[in-house]
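Just so you know, all these numbers are worked out from the coordinates, no wet-lab data involved. In this text, all values refer to a predicted model and were calculated from it rather than measured experimentally. Every residue, glycine among them, receives a Cβ derived from its backbone with ideal geometry; neighbour counts consider all protein chains shown.
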Amino acid sequence: MPYARGRAIPKVSRAGTRFFAHPPGRAPEGAKESDLHLYIKAQILIGARAAGWDALPEQSGTTPDGQEWRADVLCRRPGKPWTVALEAQVQLQGEEAYRQRQERYMASGIRTLWLVAHEPAALHHYWLRPDQHLPAFKTTTWKDQDGRPGAHVHVDRLSLSISDFVAGALSGQLQWSGNGRHGIIPLFFREDQCWHRTCRKRVLLAYRAEAPRGDPLEIEVVQAMEGYADAYAKAQVALPDLAESPRAFRKILASRCPHCQREIRYQREDWAGQTATYKLPVGITIPVQGSHIGMTPHAQWHWGPESRWPDWAPSGGIGPISHQPLEMRPRRLGPRTG
């Protein structure tokens, strides 16, 4: 073993096979690795060092109970113990294997970030409900016309180079949000006009709400959730044309014009797609029985300051509003639509 300076370690695999291994850190760098894997590791090293951290590839260790691990890149703050491992997972691996390997690192006091560069469907359930104990991120890879590899990491609707992602993560840009029963509900408004001839001013009417996975929710159900009233009040301050939160009236909804206070009655989704619509995330506290209506706590990795997180809102607050342009001229509302 020329790379081990003549030394070798005898071992026995789980299947009973006897073999020799290099001492930790002495394996030939790049042995049996694809060009893509080597490229990702090199970019990780560049990002870690750009953040001011020490970083070395192919570092090994064992847990207190003797289980071995080997990190693609191991990082530490200058003068401190090794504390962060970064893994470029190019070969297909299921969630159970990710968690088993993560537990080994945790047992050794090492936090780990995973760049999932294989088919993402292998982690289908994780993407639906990520958790902070397994920081894993979809990583898209490619090769250009000259065969040179490239890759981007996807987080919070951003597509970052590997070096930028690693540098940012090690500098505090990567943050986890998710605790207890904090939930986020998208509330939809449509743009209309007050029906009364002495007013005729622009109004925004709430007509729809959604669960986190896009299933429709009755607005009346959302109104009963803790935090909704405070969030809606903040929305009215931010949007002066927003009518009061609607109430059920027979089979339709009723609200009041924010300008003249006259009642407006309207169908729930009758003109969806025909008028300009707005989407506003509101932060609420999910009721104990929330799972029965498709409500799950917000749990996600975010990037950068809280004010830039997409589709996020603090409890009892609102997030950034998004606008869908007008497609057809809205029809004037009457006092009794329906």
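Overview of values
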quantity: Segment 92-178 - charge dipole about Cα centre, Lys and Arg +1 at Cβ, Asp and Glu -1, debye rounded to 20; calculated: 120
quantity: Point-charge dipole on Cβ atoms (K/R +1, D/E -1) for segment 65-114, about Cα centre, debye to 20; calculated: 360
quantity: Net charge of neighbours whose Cβ lies under 12 Å from the Cβ of G178, counting Lys and Arg as +1 and Asp and Glu as -1; calculated: +1
quantity: Tail beyond 25 Å, pair distance distribution of segment 187-291 (Cα, percent); calculated: 17
quantity: The chain - share of DSSP beta bridges that are antiparallel (%, nearest 5); calculated: 85
quantity: Cα principal axis extents for the chain, largest first, Å; calculated: 94, 46, 37
quantity: Once the Cα gyration tensor of segment 33-172 is diagonalised, semi-axes √(5λ) in Å; calculated: 22, 19, 15
quantity: Neighbour-count ranking [beta-carbon atoms within 10 angstrom, fewest first] of R70, R101; calculated: R70, R101
quantity: Helix-only CD estimate at 222 nm, as mean residue ellipticity for the chain, using -39500 (n - 2.57) per DSSP H run (n ≥ 4); calculated: -5000 deg cm²/dmol
quantity: Distance between segment 71-110 and segment 185-201 - C-alpha centres, whole angstrom; calculated: 53
quantity: Charge dipole magnitude, Cβ of K and R +1, D and E -1 - the chain, Cα centre, debye nearest 20; calculated: 540
